[in-house]
Amino acid sequence: MILAAGLGTRLKPLTDFKPKALLEWEGHTLLEHSILKLKSEGFTSIVINVHHYAEMVMDFVKAKDMFGIEIEFSHEKAELLDTGGGIAKASWFFGKNPFLVYNVDIISDIDLRAMYRDHLESGAIATLAVKERLTSRSLLMSEDGFLKGWRDNRSGETILTGDTAEGLVPIAFSAIHIMDPKVFSLFPKEKRFPLMPFYLELANTHQVNLYRHDRDSWTDLGKLESFS
C-alpha cells in the first residue's frame, strides 16, 4: 500500500493546487518513484489511498501504461482517516499474506525483499523500518530488536511498553512497514486513528519487530525545505 491521501500541509504552497504525490523530484513524480520502487522489489499489486486532489492522482496513474502491475485505489472521500484508518479502509485489498505500507514522500534504496524476509523470520505481527538519523521523535528499541517505546526528543515525553527505558536504543522510523493481516482484528473501533499509538499499544501484547537499515539512503520529501 502507498499512503498518498494527505493534504501535504508541510509542503504548502506547492500542494495548494496539486497533491503531494504528483510533485516532481529528479524528473519523476513522488508517486512514480514509489510505484517503480515497489515494482523493482517484486511487488505486483498495489493499493493507493487518495483524498487531496484524488481525481488528479487516479487520472495520472490510469494514463500511465509503464507500470504494468495491478493498481487499485482506496478513496477517502468524506474525510482523511489518518494512517491507521486509511489502512483499515483498504483492508478489502489485502489477502492472507503480510503486506507492505510505504509513504509516498519517502525516497530510499532500502532492500524491501530483505526487510520482508526479516519480518517472516521474526514471527512478529508487524515490522517497522528504522534508521539511525537525527529526528524529533524516536522509537525505543530493545537489544533484540523489538519496539518498546517512543520518545519526543524536543519535550522529553516518553511512552514505554515496559517498566523502564534502561537499555533501550533510540532509533528513527522510516515510514516503511510490514503488517500481518491479523492486525485488522486488533485495530481500534474508531474509523479515524493514527498508527503509531496503535503500534505502541500493540507492543504491550505482541512482538513488533524493528528492521534496521542504517546503510541505506533515505530522504523525507514531505517537507518544503527538501524541495528548496
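No value in this document is a laboratory result; all are computed from the given coordinates. Just so you know, these numbers come straight off a predicted model, no measurement behind them. Don't worry about glycine lacking a Cβ; one is built from the backbone with ideal geometry, like all the others, and counts go over all protein chains shown.
Go through the range 81-96 residue by residue and turn each phi into a ³J(HN,Hα) via Karplus (6.51, -1.76, 1.60, θ = phi - 60°); whole Hz please, and just put x for glycine and proline.
Using θ = phi - 60°, the values come out as 9, 6, 5, x, x, x, 5, 4, 5, 8, 4, 4, 7, 8, x, 9 Hz.
What residue among Thr164, Thr135, Thr15 shows peak mean-square fluctuation when the chain is described by a Gaussian network model with Cα springs under 10 Å?
In the Gaussian network model the winner is Thr164.
Given 25 °C and 0.890 mPa s, compute D for the chain with the Stokes-Einstein relation, Rh being the Kirkwood radius over Cα pairs; round to the nearest whole µm²/s.
135
Quick one: net charge around Leu80, please, counting Lys, Arg +1 and Asp, Glu -1 for every other residue with C-beta under 12 Å from its C-beta.
After counting each charged neighbour, the total is +1.
Hey, what D do you get for the range 74-178 in µm²/s if you plug the Kirkwood alpha-carbon radius into Stokes-Einstein at 4 °C and 1.567 mPa s?
For these conditions, the coefficient is 83 µm²/s.
What net charge do the residues around Ala175 carry, taking every other residue with its C-beta under 10 Å from that of Ala175, with Lys and Arg at +1 and Asp and Glu at -1? Provide the component values of the computation, followed by the final result.
Working: positive: none; negative: Asp105, Asp220.
Local charge sum for Ala175: -2.
In a GNM of the chain with a 10 Å cut-off on Cα contacts, which of Met141, Met179, Met196 has the highest mean-square fluctuation?
Fluctuation is largest for Met196.
Treating only the Cβ of Lys, Arg, Asp and Glu as charged (+1, +1, -1, -1), what charge dipole size does the chain show about its Cα centre? Round to the nearest 20 debye.
For this selection, approximately 360 debye.
Could you state the angle between the C-alpha long axis of helix 112-122 and the longest principal axis of the C-alpha atoms of the chain, as a value from 0 to 90 degrees rounded to the nearest 10?
The angle comes out at about 30 degrees.
With a cut-off of 8 Å between alpha carbons and a minimum separation of six or more residues, what is the relative contact order of the range 78-228 in percent?
Value for the range 78-228: 39 percent.
Quick one: net charge around Thr164, please, counting Lys, Arg +1 and Asp, Glu -1 for every other residue with C-beta under 14 Å from its C-beta.
Spelling it out: positives minus negatives among the neighbours equals -1.
How tilted is helix 30-40 with respect to the longest principal axis of the chain? Cα atoms for both, answer in degrees (0 to 90, nearest 10).
For 30-40 against the chain, the angle is about 70 degrees.
Viscosity 1.306 mPa s, temperature 10 °C: Stokes-Einstein D of the range 44-87 from its Kirkwood Cα radius, in µm² per second?
Estimated via Stokes-Einstein, D reaches 141 µm²/s.
Provide the percentage of antiparallel DSSP beta bridges, counting only those with both residues in the range 2-227; round to the nearest 5.
Looking only at bridges with both residues in the range 2-227, the antiparallel portion is about 65 percent.
Going by alpha carbons, how many degrees (0 to 90, nearest 10) lie between the helix axis of 54-63 and the longest principal axis of the chain?
The helix 54-63 is inclined about 70 degrees to the chain.
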